[in-house]
1. Limited to region 131-159, what total is found for residues that are among the hydroxyl-bearing types (S, T, Y) and within 9 Å of the ligand (Cβ to nearest atom)?
2. Could you say whether any residue in region 115-128 is within 12 Å of the ligand (Cβ to nearest atom) and at pLDDT 95 or above?
3. If you check every pair at least six apart or on different chains, which have Cβ atoms under 6 Å apart with a residue in region 132-151 that is farther than 13 Å from S120 by Cβ first and a residue that is surrounded by 20 or more Cβ atoms within 10 Å (Cβ to Cβ) and aromatic (F, W, Y) second?
4. Check region 99-112 and report whether any residue there is buried (at least 20 other Cβ atoms within 10 Å of the Cβ) and either among the polar types (S, T, N, Q) or under 24 Å from L61 (Cα atoms) (or both).
5. Somewhere in region 80-93, is a residue free of Cβ contacts under 8 Å to residues at least 40 places away in the same chain and surrounded by fewer than 16 Cβ atoms within 10 Å (Cβ to Cβ)?
6. Do any residues in region 47-66 that are touching a residue at least 12 places away in the same chain (Cβ under 8 Å) and among the hydrophobic types (A, V, I, L, M, F, W, C) have Cβ atoms under 7 Å from those of residues that are surrounded by 15 or more Cβ atoms within 10 Å (Cβ to Cβ) and assigned to a loop (DSSP other than H, G, I, E, B), where the two are at least six apart or on different chains, and which pairs are they?
7. Among strands (runs of 3 or more DSSP E) lying entirely in region 57-103, which contain 2 or more residues that are more than 14 Å from the ligand (Cβ to nearest atom) and modelled with pLDDT of 95 or more?
8. Can you tell me how many residues within region 141-169 are exposed (fewer than 13 other Cβ atoms within 10 Å of the Cβ) and modelled with pLDDT under 95?
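The values are calculated or read from the model by the stated rules, or taken from the named source; none is laboratory data. Since we're looking at a predicted model, the values are computed, not measured. Glycine gets a Cβ as well: all are built from the backbone with ideal geometry, and neighbour counts include every protein chain shown.
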Amino acid sequence: MGKAPIAIISKSCNCQSIVVFGSLPDPSNKQRTKNKKTMPHIINLPKIEDPRGNLSFIEELKHIPFKIERTYWIYDVPGGQVRGGHAFKEQQELIVALSGSFDVVVDDGRVKQTFSLNRSYYGLYVPSGLWRQMQNFSTNSLALVLSSTPYNEDDYIRDLEGYKTYRAL
Ligand code: TYD
């Protein structure tokens, strides 16, 4: 396959905005199914609306395609700070903006997508092997991360050039 032309594609809906740098193929149905496991995408979580306050929930292997081995959260982020900025060889994750908003930039070494998270009933599924960083945190934002693995520093790729080499292998 030849090198993809550089283009900027913007997509938006009421839940997210995606800015893609690079070009994306138009997938067939078979490819779409495969993409669900290999491409980052928004998962609509259950939402029980109630005048007393709404409720959402996540069950492993039902709403997300992995078993939850670890949960962590990022909070009290000073304005302008960036978190993440690495890839995981094995870990899959779901990122939810439980409060406030932030952007997750996901990069496969060729295409970069920005997902703006600002609702607690949307989760961003990030498959293993992708570079991701979190930025543009709003005041008092709270980022919940569900992870498919226990913490393991050996699973991290923290060097972007090293990541590109890893992807090319
Ligand atoms: P890290 O994942 O490197 O976050 P960031 O890329 O945003 O800097 O984690 C920061 C530190 O926290 C790092 O020293 C490892 C530690 N940490 C744990 O001990 N357990 C965990 O589950 C996580 C996510 C991080």
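1. Residues meeting the conditions: 3.
2. No - not one qualifying residue is present in region 115-128.
3. M134/F102; N136/F102; F137/F102
4. There is at least one residue in region 99-112 that is buried (at least 20 other Cβ atoms within 10 Å of the Cβ) and either among the polar types (S, T, N, Q) or under 24 Å from L61 (Cα atoms) (or both).
5. Yes, there is a match, as at least one residue in region 80-93 is free of Cβ contacts under 8 Å to residues at least 40 places away in the same chain and surrounded by fewer than 16 Cβ atoms within 10 Å (Cβ to Cβ).
6. I58/L45; I64/I58; F66/Q92; F66/S148
7. In region 57-103, 93-99 are the strands (runs of 3 or more DSSP E) which contain 2 or more residues that are more than 14 Å from the ligand (Cβ to nearest atom) and modelled with pLDDT of 95 or more.
8. Looking only at that region, the number is 5.
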